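Here the structure comes first, spelled out in structure tokens, and everything after it is commentary.
Throughout, read-outs are computed from the coordinates displayed, never taken from laboratory work. Everything numeric here is computed off the predicted structure, so don't read it as measured data. Cβ atoms come from the backbone with ideal geometry, glycine included; neighbour counts cover every protein chain shown.
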Amino acid sequence: MFGRLGAPEIILILVVIILLFGAKKLPDMARSLGKSARILKSEAKAMKSESKSDDSAPADPPNPEESAAKRTIQAAPGDVTSSRPVTEPTDTTKR
């Protein structure tokens, strides 16, 4: 029923996408998708490096104030407006 997509089908799909979203918005959508992918990649690297350092770290829990000051979300190269420090949630409940 569903065969492989050939060149005519791909061209038709691209034309429909351009008609739906408009040619002006497509570059912005692609740019934001690229930024999201870079942020996701940098966060995945940070999680891997944290898990590796946790394996070799002593059993003492880290100080949350020190780790919150060190973490920053990486932005796209040359885009300094969207990089921001990450604030870790703190436990504010009274016990």
³J(HN,Hα), Karplus 6.51/-1.76/1.60, whole Hz, each residue of region 23-32, x for Gly, Pro
5, 6, 8, 4, x, 5, 5, 5, 5, 5
Under 24 Å between C-alpha atoms, the lysine pairs in region 7-51 lying 8 or more places apart or on different chains count 4
Take residue 50 and residue 18, extend 7 Å from each Cα along the Cα→Cβ direction, and tell me the distance between the two endpoints in nm.
4.3 nm
